[in-house]
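The values are calculated or read from the model by the stated rules, or taken from the named source; none is laboratory data. Just so we're clear, the structure is a prediction, and the values are computed from it rather than from any experiment. For neighbour counting, all protein chains shown are included, and Cβ atoms are generated from backbone atoms with ideal geometry for every residue, glycine included.
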Amino acid sequence: MPVVMSHVLPWPDMLAAITNLKAAAITIDDYMVAAEKLGHGVTVQHMKASKIVEAPRGAFDTEGRPSILYERHVFCRNTMPKGLYNAKHPDLSALRGYGPGGYGKFSAQYAKLERAYTLDPDAAFEACSWGAFQVLGENAEALGYSSARDMAIELARSEAAHLDSYVRFIQVNGLADELARCRAGDPDSCIPFVEAYNGTGFRSFNYHVKFAEALRGVRL
């Protein structure tokens, strides 16, 4: 059963709750079970390709925390009222995202999350994409988690939990057919999936090209 957080922890305690230096890696059996859940011709290769594209540095960072990418425009739209911190903290809250090259170093993402957490804990966790498959925290409740913070705690358990968040996202958004149609070396075949998974700005980051190339290189 997932942990349900009913109160806001101090940042050091929150960070400890999402840190696990001994998290188990995804196994081939985990992938096989996920493929069966998704059906529609989705293969292990499709899921492995997603992991390669979304988290090239790994599911966790060197400190045992789920890999994240902080999105300031998502934080902006989830504060009450929207854009509450745009003026005083434009690097953390803005109407527009960072765009290519604007996110800063991978190692700087948790510092952003910490600063945002002091302003609005829930919006901060909703503003990050999490783990091996970079599922946006904003989607947590729609995927069956109690909150984005609880989703992050769940993901800290193991890489299999990351895969589960991905499966939930595909199922909730009805993307199994689009994922199954993606073909190795064929970026155009990947467009319907990456547009739905990564957003309409996918071309700015060449997600369709990256996904097609990742599929070409995947091995079981």
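No other residue among A123, A184 is among the small types (G, A, S) and buried (at least 18 other Cβ atoms within 10 Å of the Cβ) apart from A123.
Looking at A94, A132, just one residue is in contact with a Lys or Arg (Cβ under 7 Å, 6 or more places away or on another chain), part of a loop (DSSP other than H, G, I, E, B) and at pLDDT 95 or above, and that residue is A94.
Among the conditions (1) within 29 Å of V209 (Cβ to Cβ); (2) touching a His at 6+ places or on another chain (Cβ under 9 Å), T43 misses just one, which is (2). Taking region 103-115 as the range and being within 18 Å of the chain's Cα centre (by Cα) and not hydroxyl-bearing (S, T, Y) as the test, the residues that pass are G104, K105, F106, A108, Q109, A111, K112, L113, E114. Only one of the numbered conditions (1) among the aliphatic types (A, V, I, L, M); (2) exposed (fewer than 14 other Cβ atoms within 10 Å of the Cβ); (3) under 24 Å from A196 (Cα atoms) is violated by A108, and that is (3). Only a single criterion out of (1) over 23 Å from V33 (Cβ atoms); (2) surrounded by fewer than 22 Cβ atoms within 10 Å (Cβ to Cβ) is not satisfied by C128, namely (2). If you go through region 135-171 and pick out every residue that is in a helix (DSSP H, G or I) and farther than 23 Å from I52 by Cβ, you end up with 7.
Yes or no, residue by residue, for (1) touching a residue at least 60 places away in the same chain (Cβ under 8 Å); (2) in contact with a Cys (Cβ under 6 Å, 6 or more places away or on another chain); (3) surrounded by fewer than 17 Cβ atoms within 10 Å (Cβ to Cβ):
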{"position": "A17", "(1), (2), (3)": "yes, no, yes"}
{"position": "A24", "(1), (2), (3)": "yes, no, yes"}
{"position": "T27", "(1), (2), (3)": "yes, no, yes"}
{"position": "A35", "(1), (2), (3)": "no, no, no"}
{"position": "Q45", "(1), (2), (3)": "yes, no, no"}
{"position": "A59", "(1), (2), (3)": "yes, no, no"}
{"position": "C76", "(1), (2), (3)": "no, no, no"}
{"position": "M80", "(1), (2), (3)": "no, no, yes"}
{"position": "K88", "(1), (2), (3)": "no, no, yes"}
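Taking the stated definitions as given, is A196 touching a helix residue (DSSP H, G or I) at 6+ places or on another chain (Cβ under 9 Å), on the phi < 0 side of the Ramachandran plot and in contact (Cβ under 8 Å) with a residue 24 or more places away in the chain? No: the conditions fail for A196. Among the criteria (1) outside any helix (DSSP H, G or I); (2) surrounded by fewer than 20 Cβ atoms within 10 Å (Cβ to Cβ); (3) in contact (Cβ under 8 Å) with a residue 40 or more places away in the chain, the one G174 does not fulfil is (3).
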